[in-house]
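Step one of this worksheet: look at the structure below.
The values are calculated or read from the model by the stated rules, or taken from the named source; none is laboratory data. A quick note: this is a predicted structure, and the numbers were derived from the prediction, not measured. Cβ placement follows ideal geometry from the backbone for every residue including glycine, while neighbour counts extend to all protein chains displayed.
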Amino acid sequence: MSLTDKQSWGEVERLARQHEASINQVLVSAGLPLVHISIEDRMRGGILSAIAEIEAGHTHLALADLRNCLKL
């Protein structure tokens, strides 16, 4: 799966929605509030991942993480 390919990116989004739905199904059965993962949440995750890559000395991977989170 390549994040530069639009079709592959759609697959990533489909899997994220599927995962979110499965978590919500478990939460509803337990009587807990639903989870909603927003675009902002995914961007925050990408930024935190990039910071971790910079701290590890992998600036090229950090740049890739930032580019990928901007595709959202």
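Computed values, structure above
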quantity	calculated
Options Leu66, Leu61, Leu70, Leu34: the member that is over 22 Å from Glu11 (Cβ atoms) and not polar (S, T, N, Q)	Leu34
Selection count where residues are closer than 18 Å to Leu15 by Cα and surrounded by fewer than 15 Cβ atoms within 10 Å (Cβ to Cβ), scope segment 43-58	2
Boolean, Val28 is loosely packed, with under 12 Cβ neighbours inside 10 Å, at pLDDT below 85 and assigned to a helix (DSSP H, G or I)	yes
Answer residue from segment 1-16, given it is exposed (fewer than 11 other Cβ atoms within 10 Å of the Cβ) and in a helix (DSSP H, G or I) and is modelled with the highest pLDDT among those	Arg14
